[in-house]
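Structure first, then comments.
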Ligand code: ME8
């Protein structure tokens with residue numbers, strides 16, 4: 001559970017490490033934001049437990065080697081430039097990662113070679129001939145069953161063209177000698193593991209997908225590439241002819257980021273409590289990584305959170321397709337909190353793809369502003385705040401009089417939020433907050449506490465109920481909209497030490513003074529324009 005007490009080990013959460021072959025898009029921001037919401041929730045619910053939050057860039061491999069070459073650049077200089085863009089996006093998006101790892105870091109390279117030697121020492125690596133359909137863009141081999149023949153665009157007389165059926169990327173028949181990892185030996189242990197841990201892959205649909213793929217069987221995995229084809233990578237120890245397969249290199253980042261092989265003892269936070277990934281890379285995280293960990297006798301990650309994709313016109317948004325939405329544009333237009341709100345409100349159920357739409361973003365910006373900004377403005381107008389009739393609490397402080405019906409409702413909200421967040425149901429948690437705020441707005445519209453004709457008792461009651469709701473929602477919103485929630489709690493004069501989840505209970509912290517007329521949101525200026533999405 002995210003909120004159990006007194007752990008020695010930090011709560012360790014990871015995102016994928018991104019290929020820095022182009023600038024980041026909304027899909028990457030989505031992974032970062034989902035992980036950040038859950039990292040912030042871990043701190044909120046258990047302020048005493050440190051959170052280790054890793055993200056970074058995956059810099060080796062043919063894809064990067066080719067992209068750099070196409071721009072006439074050295075691979076490292078190319079990666080330096082683009083890795084920085086991912087790091088900067090994290091900063092602009094209020095991502096609270098504690099570590100940004102690059103697979104070109106010396107410490108990581110050493111860790112990958114160490115891992116290789118460990119697998120080798122256990123007799124799990126051998127040399128073999130390998131042939132198959134290789135996709136440069138997906139960095140993996142496909143079998144005959146996984147590819148489709150397509151007509152070449154320039155005419156039927158051309159060479160036949162083959163593509164991966166799943167990703168549509170071009171594949172080439174490739175034969176080579178390389179090293180293999182005895183993956184097939186881990187079929188039974190992996191099945192046993194996932195059978196015993198239905199919670200290990202969320203949502204459940206991805207768990208059952210992996211179970212049935214594992215039941216189909218596992219073949220050994222090719223884990224090196226000839227240096228003649230791939231030089232941009234980690235050399236196989238003691239064999240200058242081979243470079244380690246980029247996915248082995250990449251998956252090792254979760255270990256290397258904890259200081260693996262831990263020369264000074266301890267395990268630096270290992271294993272991950274939560275790994276956030278996109279559905280395109282479940283196989284790598286649910287099969288290759290756990291198999292290597294089982295091989296090394298290391299504990300496996302506790303949970304994988306798999307999210308679906310952002311699409312544009314129903315096609316996966318991707319750097320290679322070029323149909324990407326620029327997160328920096330959206331942040332500039334709406335502010336990061338609103339973009340986070342949109343991503344969480346529509347993309348946090350994880351099971352279905354979501355089509356990117358500037359109109360939807362705009363609509364959600366308006367919604368957040370109404371639900372949160374307007375409610376605060378209405379509840380803290382000078383007239384309403386002037387209806388001064390707070391109760392004197394036991395500690396001598398004045399606290400609002402919250403009706404018992406409101407207390408019950410807020411208790412339910414708080415419980416529902418906690419249970420959703422513990423179960424990784426990000427959108428449901430945010431929806432619970434939003435419906436509560438929507439109800440308060442309706443109550444206000446009906447009772448009109450700002451109207452002098454409304455009986456003072458009723459106005460005071462509504463005001464105090466709303467203020468308590470805003471205080472609690474302010475606490476609960478912190479993982480989603482950190483600056484807006486902070487400004488809201490500030491407007492209600494809630495001190496820092498009363499902003500953890502434990503205070504999100506009715507009566508557990510008092511609004512004793514409000515700052516009237518605080519504007520949480522900048523006015524919405526622009527209607528959506530076509531430049532958010534660059535089509536090719
Ligand atoms: O796969 N919608 O890197 P990557 C939602 N380097 N999320 C998306 C997305 C989309 N359209 N496109 C990308 C790699 N993502 C490897 C990972 S991990 C050891 C190595 C998100 O840059 C999604 O989480 O192609 C995806 O898994 C991740 O970005 C990495 O994309």
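Bear in mind that the values in this text are calculations on the coordinates, not laboratory data. What you are looking at is a predicted structure, and each value in this text was computed from that prediction instead of being measured. With ideal geometry, Cβ positions are generated from the backbone for all residues, glycine too; neighbour counts draw on all protein chains shown.
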Which of 521, 181 has the fewest Cβ neighbours within 10 Å, and the rest in rising order: 521, 181
Fraction of antiparallel bridges per DSSP, the chain only, in percent to nearest 5: 60
To the nearest 10 degrees, how steeply does helix 358-368 sit against the main Cα axis of the chain, on a 0 to 90 scale? 40
First check a/c for the chain, with a ≥ b ≥ c the square roots of the eigenvalues of its C-alpha gyration tensor; if it is under 1.5, answer rounded, and if not, answer prolate when a/b is larger than b/c or oblate otherwise. prolate
In what sequence do 450, 232 fall when counting other Cβ within 10 Å, fewest first? 450, 232
Once label points are set 7 Å from the Cα along Cα→Cβ at both residue 497 and residue 423, what is their separation, rounded to one decimal in nm? 3.6
Whole angstrom only: what separates the Cα centroid of segment 158-181 from the Cα centroid of segment 108-153? 11
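Can you put 199, 416, 359 in order, fewest other beta carbons within 10 Å first?
Arranged by neighbour count, lowest to highest, 199, 416, 359 become 359, 199, 416.
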Taking the simple approach of a point 7 Å from Cα along Cα-to-Cβ for both residue 527 and residue 262, what is their distance in nm? 5.9
Of the peptides 428-441, 55-68, how do they stack up when ordered by the mean number of other Cβ atoms within 10 Å, highest first? 55-68, 428-441
Helix 204-216 sits off the longest principal axis of the Cα atoms of the chain, rounded to the nearest 10 on a 0 to 90 degree scale, by 20
What angle do you read, to the nearest 10 degrees and between 0 and 90, between the alpha-carbon axis of helix 187-196 and the longest principal axis of the chain? 10
Subtract the Cα-Cα distance of residue 131 and residue 150 from 0.36 nm times their separation in residues, and report this length gain in nm to one decimal. 4.8 nm
